[in-house]
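Structure record follows, encoded as structure tokens.
The values are calculated or read from the model by the stated rules, or taken from the named source; none is laboratory data. Worth saying up front: this structure is predicted, and the values here are computed from it rather than measured. Note: ideal-geometry Cβ built from the backbone for every residue, glycine included; neighbour counts use all protein chains shown. Heavy atoms of the whole protein, side chains included, go into the accessibility calculation; ligands, DNA and RNA do not. Shrake-Rupley method; radii C 1.70, N 1.55, O 1.52, S 1.80 Å.
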Amino acid sequence: MGDKEPYRFGKFILDPASRQLTAEGAPIRLGSTDFRLLLTLIEHAGALVTKDELMSRVWGGSSVGDNTLHVHITALRRALGDGFIATKQGRGYRFVENVSQSEALFPKQQPGNLPTYLASSDHAGPSRLIGRDNHLRTLSKLLSRNSLVTLTGPGGVGKTRLALQVANENASQFRDGAWLVELAALAEEALTAGAVATSLGIKTGESAAPFDTLARHLAKKNMLIVLDNCEHVIASCARLCEALLRVAPAVKIVATSREALSCLGEQIFEVPALALPGENVRAAPAIRGAAAVELFVERAKGLNPEFQLSDKGAAAAARLCRRVDGLPLAIEMLASWAGMLGLDALETKFDGSLKASLGARRTAPSRHSTLRATLEWSHDLLSVREQTVLRRLAVFAGAFSLAAAESVVADRDISKEQVLQQIARLINKSMIAVIPGSREHHYRLLETTRSYMFEKLAASPDADSTRQRHVNYVLHTLRQAMIEWETTSDAAFLDRYAPILDDLRSALQWTMHRETHDMIALAGSSWPLWRELPVRAEGRRWLSAAEARLRSDTPASLEAHLRRGLGELYFNTAAVKAARQEFERAAVLFRALDDIPQLGSAIAAFGYASLMLGNIDDAQSSITEALQLAERAKRPRALAAAYSVKFCVEARLRLPTVLETGRKAIQLCEVVGADRAALVVSANLVEAVLELGDIDSAIFSGQELASRLRDTYQTDILGYVLGVVAAGLTLRGDLTDALSTAREAVPLLCDEGMLFWFFDQLALRSGLAGRIKDAALIAGHADAVFREFSRPREPIGQQASERLAALLRETLSHREIEQFGRMGAQLSENQIVALALSD
């Protein structure tokens, strides 16, 4: 078997080259340790792999226990399901499923996130796309000639389904794949950039201009992006497209919207309704051949295999399709009733209802009004219980599982057992779509249906109770996520819980206007999601809004978690003082609550913030207590975090054990699947090696780590590592390479608002390159920034500052140094960057 060819087993494909596991085309996130473990088992499929062999292959020379191996085997079984990995008690594990590795059997997976089953937000019909062959050919041609193609048309006309089909058919032409960004659930324009970044796996940073940053990240990419449902965030979508089109020539965009984006270079394709038989067509075969009628028949047969369209029935079906203007969604709704009512009764009932409805809405655009009238008619035919279930389900911002539906819909009148029955009936009536998944089925209301039903919910007497159950469901999910956070890898955690984000936003928005503690509870339980996804700034806004709602009667446990979350979300900004204060408040509350696990984590975070502010004594005492608490609580992730801080403290004190502690911290992080934390410690280890004077080793390990980071979305860590490498190159005298590395690092550090720590390195490089006055200006700016933030320099920054000061004294007078320092303090960050990065 070729080393780089994908492995196929059951419905899964494991691609060693892209390090991706997919199930029926849907990606399944695995932590780096879980991936290595699965690959090792698959490479030896059918054979027993002993524990020692697994530990050697996966963890190298590191010593890990049986419990650690068991945790990761359990995680793999959870991801794959039962029956793939067998245990030989006391000896090892065997991968028992048949594995093939022939590219002739299956195509190599393209990167991207397009659903291969073509489920969409506005279409629930059969997988076959009817009546669109010519449109697909036209769209493919337009896409080959244009960077932005916008599909316009009314709701229900099939824009999303057509866009997904053309994207799937053309995905192989794009090296970096085809990606879907769903925008329907967004409540405001400001969330657009975060939605795009999250879908594409891009970290935009704390201080970034988000659209420009996205454009910079995608500048060298060759990919296709589908922006779905742009109409309610159209201004931000237009700005995004213009930013991308300016700098990313190999990126193409297909957008769907009820109106054009009005961007320069936009090619508009107005999606027509399905072809209808002419008014004068009488022959049944000709009627059946029209795309609208063909869809009607296929949908009706899908629900009732006995359905037959007689010659007389063909004329009735044609009239029905004309009455709804050939809109696919409306046709499917009508067809779903054909088996129950019969065509004659269906036509009579619908025709009278449509005339009355359209007569009351003469000023509305025809197709928009027709679709709404069809929705109203179909809704009125539902039973009272079906109507109740449907409007309650409208509270979900996106997809939902059966368990989620039961949590929100069920009450004294509707049991959990009845919820599935009602959902099944609503699926048959084209009111709910099924989204096939790698594990359990998920469902969603069609976007047009959800908007209509949400109006019904808002006007109903059960609106508040439904919204409250939705809040309770989101809160329960977040609390479960907090529990699993300790034993779940970063990748698995996000795969499982990132989909709750849109519902979290909706719940936070609703609770903001309620006199309860729910908003504080939601915000305090949500910080791991905000921190791990590229939406940290948004999370900080929500948590700050929740903080403003704290009252004297707020339960201490809710405030404690909120304070901890605020600290976490402040920490990677310049507001380290604020983060330290929040961690300290959280620790006081957790101590009073005798919550040992949370107290240990809060104290460790407080110690790290103290270290960043130069309070070494506080950092040392804090980490000593945090380690004791983490070991007492038996919380592996908390212990890994505490060791990571211990390593940073030892690095600052230059203790002889620092490298050993750093390696142990990395090992602990990898064991629990804390992939990001492992990368952070690895970056700090590069800096520690440089501080110890081993310049060559620091440069080599830093460049190796940077290569790994370029394949992740951890661009903040990448910027930091590149900065350390540039510092090492400067110290070694490789000034040209140092400048090249700095040019890659600076935009990433700017995005995070963390450029200030790199100024001293930039100043020293300029000074050593003979640009003494520029160096003095940059140094003056650096001094001013550190004074403003009230933060001490880190050791490598202090070393660079002292060496530059000596160099300046050799060339400039004391008066000139002071004068240039004052001038540098007045320059903007952009001006300093321009000086530092010039040849």
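If you average 1/r over all unlike Cα pairs in the range 599-711 and invert the result, what Kirkwood radius do you get in angstrom?
On the way: mean 1/r = 0.0709 Å⁻¹.
With all distinct Cα pairs of the range 599-711 included, I get 14.1 Å.
Mind listing P(r) for the range 652-806? All alpha-carbon pairs, 10 Å bins, whole percents.
The distribution over the range 652-806 is 11, 40, 36, 11, 1, given as percents.
What per residue convex hull volume, in Å³, comes out for the range 202-341 when only alpha-carbon positions are used?
Details: hull volume 23.6 nm³, N = 140.
Residue-normalised Cα hull volume stands at 168 Å³.
The range 399-538: D in µm²/s via Stokes-Einstein (Kirkwood Rh, Cα pairs, 20 °C, 1.002 mPa s)? Don't skip to the answer; put the middle values down first.
Working: Rh = 16.3 Å.
Rounded, D is 131 µm²/s.
Could you grab the relative contact order for the range 177-271? Cα pairs under 8 Å, six or more apart, rounded to a whole percent. Let's see the in-between values first.
On the way: 143 pairs, mean separation 30.5, N = 95.
Relative CO of the range 177-271 lands at 32 percent.
With label points built 7 Å along Cα→Cβ from the Cα atoms of Arg412 and Arg19, find their separation and express it in nm.
5.5 nm
Net charge within 13 Å of Gly673 by Cβ-Cβ distance, Lys/Arg positive one each and Asp/Glu negative one each, not counting Gly673 itself?
Values: positive: Arg29, Arg36, Arg78, Arg496, Arg637, Arg676; negative: Asp34, Glu484, Glu486, Asp490, Asp495, Glu532, Glu670, Asp675.
Net of charged neighbours comes to -2.
How large is the helix-only mean residue ellipticity at 222 nm for the chain, computed as the sum of -39500 (n - 2.57) over DSSP H runs with n ≥ 4, divided by its residue count, in deg cm²/dmol to the nearest 500?
Details: 38 runs with 518 residues, N = 839.
Taking each H run of at least 4 residues, the total per residue is -20000 deg cm²/dmol.
How many angstrom lie between the Cα centre of the range 628-646 and the Cα centre of the range 298-326?
Here the answer is 65 Å between Cα centres.
Given the convex hull of the Cα atoms of the range 234-280, what is a quarter of its surface area in nm²?
Details: hull surface 18.0 nm².
About 4.5 nm², averaged over all directions.
Explain nothing, just the number: relative contact order of the range 539-690, from Cα pairs under 8 Å at least 6 residues apart, as a whole percent. Could you put the intermediate results ahead of the total?
Values: 193 pairs, mean separation 22.3, N = 152.
Relative contact order here is 15 percent.
How far apart, in nm, are the 7 Å Cα→Cβ label points at Leu402 and Asn134?
Those two pseudo-labels are separated by 4.4 nm.
In a shell of Cβ-Cβ distance under 15 Å around Asp464, excluding Asp464 itself, what net charge do Lys and Arg (+1) and Asp and Glu (-1) give?
That works out to +2.
Compute the longest continuous run of the chain that contains no exposed GluC sites (Glu not before Pro); treat a site as exposed when its DSSP state is not H, G, I, E or B and it has at most 10 other Cβ atoms within 10 Å. The partial results should precede the final answer.
Numbers: sites that count: Glu279, Glu306, Glu440, Glu515.
Longest gap between qualifying sites, sites excluded: 516-839.
I want the antiparallel fraction of DSSP beta bridges within the chain, as a percent rounded to 5. Write down the numbers at each step before the final one.
Numbers: 23 of 44 bridges.
Taking every DSSP beta bridge within the chain, about 50 percent pair in antiparallel fashion.
Taking the simple approach of a point 7 Å from Cα along Cα-to-Cβ for both Ile483 and Asp553, what is their distance in nm?
Each label point lies 7 Å from its Cα, and together they span 2.9 nm.
Net charge within 9 Å of Ile796 by Cβ-Cβ distance, Lys/Arg positive one each and Asp/Glu negative one each, not counting Ile796 itself?
Values: positive: Arg793; negative: Glu687, Glu691, Asp760, Glu794.
Charge balance in the 9 Å sphere: -3.
Which angle from 0 to 90°, rounded to the nearest 10, does the C-alpha axis of helix 518-532 make with the longest principal axis of the chain?
70 degrees
Rounded, prolate or oblate: which fits the chain, taking a ≥ b ≥ c as square roots of the Cα gyration tensor eigenvalues, rounded meaning a/c under 1.5, else prolate when a/b beats b/c? Walk me through the intermediate numbers first.
Numbers: a/c = 1.88, a/b = 1.73, b/c = 1.09.
It is prolate, given that a/c is not under 1.5 and a/b is the larger ratio.
Please list the non-local residues whose amide H lies under 5 Å from the amide H of Gln267, H modeled 1.01 Å from N, same-chain partners needing a gap of 5 or more.
Under 5 Å from the amide H of Gln267 lie the amide H atoms of Leu148, Val149, Thr150, each far enough along the sequence or on another chain.
Asp351 to Thr74: extension gain in nm, 0.36 nm per residue of separation minus the Cα-Cα distance? Numbers along the way, then the final one.
Values: separation 277, 0.36 × 277 = 99.72 nm, distance 5.77 nm.
Roughly 93.9 nm would be gained on extension.
Can you tell me the orientation of helix 596-612 relative to the chain, as the angle in degrees between its alpha-carbon axis and the longest Cα principal axis, to the nearest 10?
The two axes meet at around 60 degrees.
With all pairs of different alpha carbon atoms counted, what Kirkwood hydrodynamic radius in Å does the range 515-579 show?
Working: mean 1/r = 0.0860 Å⁻¹.
About 11.6 Å, per the Kirkwood formula over Cα pairs.
With only alpha-carbon atoms counted, please give the Rg and Dmax of the range 379-480, in Å.
Looking at the range 379-480, its Cα Rg and Dmax stand at 12.6, 40 Å.
Could you work out the pair-distance distribution P(r) of the range 734-829 from its alpha-carbon pairs, with 10 angstrom bin width and percents rounded to whole numbers?
17, 52, 29, 3
Under 8 Å for C-alpha pairs, at least 6 residues apart: give me the relative contact order for the range 222-274, rounded to a whole percent. All intermediate terms of the calculation are to be shown ahead of the outcome.
Values: 49 pairs, mean separation 25.0, N = 53.
Worked out over the range 222-274, it gives 47 percent.
Taking the 0 to 90 degree range and rounding to the nearest ten, how far is the long axis of helix 814-826 tilted relative to the main principal axis of the chain, both from C-alpha atoms?
Its long axis makes an angle of about 10 degrees.
For Thr488, what accessible surface area do you get with a 1.4 Å probe? Give it in Å², rounded to 10.
Roughly 10 Å² of Thr488 is accessible to a 1.4 Å probe.
State the percent of C-alpha pairs, over all pairs in the range 685-744, separated by a distance greater than 13 angstrom. Before the final figure, lay out each step's value.
Numbers: 967 of 1770 pairs.
Counting every Cα pair in the range 685-744, those more than 13 Å apart make up 55 percent.
Which lysines have a Cα less than 18 Å from the Cα of Lys664, not counting those fewer than 8 places away in the same chain?
The reachable lysines, counting only those whose Cα sits under 18 Å from Lys664, are Lys634, Lys646.
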